[in-house]
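To keep things clear, I will list the structure first and then write my remarks on it.
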Amino acid sequence: MADVGTKNAVKLLSALAQESRLDIYRHLVELGPEGCSTGELRDRLGIPGATLSFHLKELVHAGLLTSVSKGRFVFYQPDFSVMNGLLHFLTENCCNGEPCQICVHEDADTAATSA
């Protein structure tokens, strides 16, 4: 799990605070660690290529996505470590840090094996 502090959390949340970027990110999270190509994202979400590239660049710059070139194609994948770090940052002091049913924290090993 990535260590997310206040400044990094602001950067991550700012990147997600736009409808198209949030749609892109949520779709990639749904697909899992393999992600998909830019073309698949464009076809699935109906976002024009130039606009999609701009939003993907912002998500990569924030650290929410990684990109991998495979031949002529670029595949984008969510960085689940960063996502889990952000969720932990947002919920670490829920109920004054006491165990509760609202926020259940799993350690990184448990989360990785249950995904």
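Read the figures in this text as sums done on the coordinates, not as results from a lab. No experiment lies behind these values; they were computed from the predicted model shown. We place every Cβ from the backbone using ideal geometry, glycine too, and count neighbours over all the protein chains shown.
Side notes on the structure shown:
- Rounded FRET efficiency, nearest 0.05, which uses the C-beta distance separating Val10 from Val74 and R0 of 35 Å: 0.80
- Within the range 1-108, none of the chymotrypsin sites (Phe, Trp or Tyr not before Pro) combine a DSSP coil assignment with at most 11 other C-beta atoms in a 10 angstrom radius.
- In terms of surrounding Cβ atoms within a 10 Å radius of their Cβ, His55, His27 rank from fewest to most as His27, His55.
- GNM top mover of Gly71, Gly46, Gly85 - the chain, alpha-carbon springs below 10 Å: Gly71
- Taking a point 7 Å from the Cα of Val29 along the Cα-to-Cβ direction, the residues of the range 1-20 with backbone N closer than 16 Å to it are 1-2, 4, 9-20.
- Length gained on full extension, Ser20 to Ser53: 10.7 nm, using 0.36 nm per residue less the C-alpha separation.
- A straight chain from Ser67 to Glu40 at 0.36 nm per residue would run longer than the Cα-Cα distance by 8.3 nm.
- Ranking His55, Ile24, Leu13 by how far each Cα lies toward the positive end of the dipole of the chain (charges on Cβ) leaves His55 at the top.
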